[in-house]
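In what follows, a single structure is set out as structure tokens and then discussed.
Bear in mind these aren't lab numbers, they're just calculated from the coordinates by the rules spelled out. Just so we're clear, the structure is a prediction, and the values are computed from it rather than from any experiment. Every residue, glycine as well, gets a Cβ built from its backbone with ideal geometry; the counts of neighbours run over all protein chains shown.
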Amino acid sequence: MSTSSTSPPAHLLWLQALRTPEQTLLWTLADWERVVRLARRLRLLARLAESLAAAGMIDEVPAQPRRHLVSEQRLSHWRTTAMVWVLERVAITLAAGNYPLVLLKGSAYIGQNLPIAAGRLPSDVDLLVPKAHIAEAQSRLRAAGWLEAELDEHDQRYYHEWSHEVPPMTHPVHTMELDLHHNIQPPVARMRVDADVLLQRLAPSKWAAWQVLAPIDQVLHSAVHLFQDSELRDRLRDLVDLDGLMRHFSAHDPRFWVDLPARAAALGLSEPLALACHFCHQWLQTPVPANTLVEIEATGPGRLKRAWLLPLLAQVLTPTEPDSDPSAMQGVAAALLLARHHYGRMPLRLLIPHTWHKMQPPKMATELLDKP
Amino acid sequence: MSAGESDITRSLADVTPGAIADALASDGLWLDLGAVTLNVRSDSPVLAVQLKAVYGHYPFIDKADWADAHIRIMQARGLRRWMRPQVVFYCDGRLAFDPFPADSPLPLLEWGANWLVAQRLNDLLLLHAGAVERDGFALLLPAIPGSGKSTLTAALSQRGWRLLSDEFGAFDPAAGVFRAMLKPVALKNASIEVIKDFTPDAVFGPVFPKTRKGRVAHLAASKVSVQRRHDTARPGAVVLPKWQAGSPTRWEPLAEHVLFPALSFNAFNYNLLGEAGFRAAIALVRQCPGWQLIYSDLDDALATINAAWPGIVERHAQVEAS
């Protein structure tokens with residue numbers, strides 16, 4: 001991967017305002033309008049609001065965009081409060097089990113007060129427990145009122161045998177969905193991860209009941225979550241998260257950049273790490289040391305794979321401008337990456353019947369909001 | 001809006017449907033609703049005529065530097081161009097909602113715009129209520145299911161009350177005032193004929209016989225309500241209407257503990273605003289007296305409200321003086 005050029009594409013320059021909000025002083029109203037529209041769609045508008053607020057600059061924003069920043073900031077506060085409440089309740093529900101309770105992704109960032117916790121819009125809560133205890137945790141949650149969606153036989157088997165999580169649970173009182181995991185990758189995936197290795201290095205969160213993955217493992221989880229996922233359109237938020245994680249953890253641990261590639265290799269996650277570092281470095285100027293970049297590149301995808309994978313990812317990760325339709329190229333790239341995702345997620349003997357099942361028409365039409 | 005609105009500004013009624021269609025097809029048409037500005041683009045051949053019918057008094061703006069929501073109402077492509085054609089709703093480049101039939105772009109725009117406003121304006125407490133103004137004070141008609149708040153709001157707006165919104169009681173807690181979110185009043189089913197009989201010269205858009213909410217027609221906002229859509233209104237009173245066949249008009253005072261849930265619990269963003277929402281709702285209940293209005297005769301219902309109103313205004317004046 002190229003380590004020379006670090007100038008981001010011109011249409012992504014606005015992202016720098018997330019770290020240096022002073023830039024917004026130069027924006028015209030037209031610039032603001034574009035950013036508000038893009039950032040809202042990308043779930044980064046409240047993040048921008050928080051970074052302006054932290055710099056004491058929110059009152060310097062022109063009134064028209066300011067109300068939208070404030071509005072989204074309120075939405076973020078509300079969702080975050082709702083998430084913290086779920087975590088308080090679930091901690092009580094699962095307290096009697098003598099096994100670690102682990103926060104993943106957004107809940108973990110909030111549970112550590114990381115800079116990237118500000119301005120999130122959580123809609124579900126991701127938790128991890130050891131696989132040996134997941135059935136017990138599920139039944140405790142059911143007893144506390146958490147409900148599982150009704151699944152057909154195929155989907156039940158999918159979650160039970162091929163997935164790294166149990167079916168999402170909802171609660172009549174809570175607005176958040178609960179996703180209970182026993183691993184960060186499916187057990188049948190090509191890029192399999194030994195969950196015990198993750199569980200051996202847990203770190204404390206700010207809540208006694210909850211732990212988090214080791215900082216480096218959080219970075220690797222975030223990378224695998226983004227680069228092995230089915231849908232990469234409008235996922236710049238995840239790249240901004242990766243940038244924030246790497247900046248924060250490297251500043252607090254002098255061994256971070258040395259340990260990161262080694263841990264990725266041990267867990268078999270060198271490829272997503274290489275992709276994460278490539279795009280973070282190129283697009284967000286993440287200060288990855290040059291020798292670390294070289295090392296990560298050497299263990300990541302080979303030259304041939306890079307030649308087709310990087311342009312596809314760049315195509316799909318680049319957000320479409322608010323008034324444009326996605327290009328045909330982007331559609332093709334997204335379809336190819338979806339195929340790659342499925343291929344990586346399960347072996348073909350499972351994938352073909354699973355895809356066939358998923359192609360059947362859904363049984364229920366999606367209900368749209370009825371208000372107003 | 002930077003686009004200056006002077007006496008010489010042309011309104012949608014002053015321009016041809018072709019000019020509106022041209023704006024919709026290029027940079028869009030800016031609809032300044034008071035508390036919020038929409039930018040609407042479309043390739044629908046019928047939307048321009050429908051907009052002209054119900055947004056006739058709004059200034060015709062085809063260039064401006066800000067909108068709070070950007071909406072594209074586009075004809076569905078592919079097979080849907082020919083077989084039971086449809087229009088689809090895009091916001092900021094993303095598809096939203098189920099499509100509507102191609103001859104009904106206006107109901108799709110109205111419904112989708114309301115949804116976007118309800119999602120986005122958390123700088124305001126958005127009560128789900130009809131809102132009208134007189135003497136500088138707002139009268140709120142909360143949307144209790146089956147209350148017919150749109151019918152009564154429409155009737156008031158035709159008889160000397162200034163329409164703020166038939167859907168949003170948009171309260172600005174910082175300023176302590178209501179703002180207009182002025183759109184055509186969406187009337188459903190039998191209410192359409194009720195209002196047409198009530199004011200034969202009311203201006204209606206086309207009737208859409210089969211929307212998801214039944215038969216819908218839009219009543220245009222009056223010229224004066226459009227001209228005054230940037231004027232705010234102080235909290236005045238709350239009326240919980242209830243239409244009951246054959247009932248004599250009954251006007252019964254309501255206690256604060258009844259008004260509070262009527263205002264807050266069906267607001268769009270009361271929960272989201274947390275403590276700020278609670279404080280705003282409490283402030284409203286403390287300031288606004290409230291009544292239940294049970295009626296079957298619309299004229300008599302209006303007469304009852306109009307008879308009570310001077311006393312309400314007088315009470316507010318006394319509170320301010322003391």
Any chance you could tell me what percent of the C-alpha pair distances in chain B go past 38 Å? 14
Using +1 on the beta carbon of Lys and Arg, -1 on that of Asp and Glu, and nothing else charged, what's the dipole of the stretch A:108-257 about the Cα centre, debye to 20? 640
In whole angstrom, how far apart do the alpha carbon centroids of the stretch B:198-245 and the stretch A:280-318 sit? 57
Lys/Arg +1, Asp/Glu -1 at C-beta; the stretch A:10-358 dipole; positive extreme among A:PRO272, A:SER139, A:LEU87: A:PRO272
Peptide B:267-274, shielding by other chains (average Cβ, 10 Å cutoff): 3
Go through the stretch A:262-272 residue by residue and turn each phi into a ³J(HN,Hα) via Karplus (6.51, -1.76, 1.60, θ = phi - 60°); whole Hz please, and just put x for glycine and proline. 5, 5, 4, 5, 5, 8, x, 10, 5, 5, x
Would you mind calculating the gained length between A:VAL258 and A:ARG19 on full extension (0.36 nm times residue separation, minus the Cα-Cα distance), in nm to one decimal? 83.6 nm
List the trypsin sites (Lys or Arg not before Pro) in the stretch B:41-84 that DSSP assigns to loop (not H, G, I, E or B) and whose Cβ has at most 14 other Cβ atoms within 10 Å. Which are they? B:LYS63, B:ARG77
Please check: in the Gaussian network model of chain B (C-alpha springs, under 10 Å), which one of B:PRO99, B:PRO45, B:PRO310 has the largest mean-square fluctuation. B:PRO310
With a ≥ b ≥ c the root eigenvalues of the C-alpha gyration tensor of chain A, is it rounded (a/c under 1.5), prolate (a/b larger than b/c) or oblate? rounded
Would you mind giving the three semi-axes, in whole Å and largest first, of the ellipsoid equivalent to the protein assembly as shown according to its Cα gyration tensor? 49, 29, 25
If every Lys and Arg gets +1 and every Asp and Glu gets -1 at its Cβ, then about the Cα centre chain B yields a dipole, in debye to the nearest 20, of 880
Given H placed on each backbone N at 1.01 Å, which residues far from A:THR286 in sequence or on other chains put an amide H within less than 5 Å of it? A:HIS281
Top positive-direction residue, dipole computed over chain B with Cβ charges, set B:ALA321, B:TRP115, B:ALA19: B:TRP115
Please identify the helices of chain B, taking whole runs of DSSP H, that span at least 27 Å along their own axis as judged from the Cα atoms and have a mean Kyte-Doolittle score of 0.0 or higher. B:298-321
With the dipole of the protein assembly as shown worked out from charges on the C-beta (+1 for Lys and Arg, -1 for Asp and Glu) around the Cα centre, which of A:LEU151, B:PRO253, A:PRO21 lies farthest toward the positive end? A:LEU151
In debye, nearest 20: dipole of the protein assembly as shown around its Cα centre with unit charges on the Cβ of K, R (+) and D, E (-)? 900
Viscosity 1.306 mPa s, temperature 10 °C, Stokes-Einstein D of the stretch B:1-130 from Kirkwood C-alpha radius, µm²/s: 104
If packing is taken as the average number of other Cβ atoms within 10 Å across a peptide's residues, how do B:154-167, A:116-129 rank, most packed first? B:154-167, A:116-129
Considering only DSSP states other than H, G, I, E and B, which trypsin sites (Lys or Arg not before Pro) in the stretch A:228-316 qualify as loop sites with at most 13 other Cβ atoms within 10 Å? A:ARG255
When the helices in chain A are scored as -39500 (n - 2.57) per DSSP H run of 4 or longer and the sum is shared across all residues, what 222 nm value do you end up with, to the nearest 500 deg cm²/dmol? -16500 deg cm²/dmol
Please list, in chain and number order, the residues 5+ apart from B:ALA138 or on another chain whose amide H is under 5 Å from its amide H, with Hs placed from the backbone. B:ARG234, B:GLY236, B:ALA237
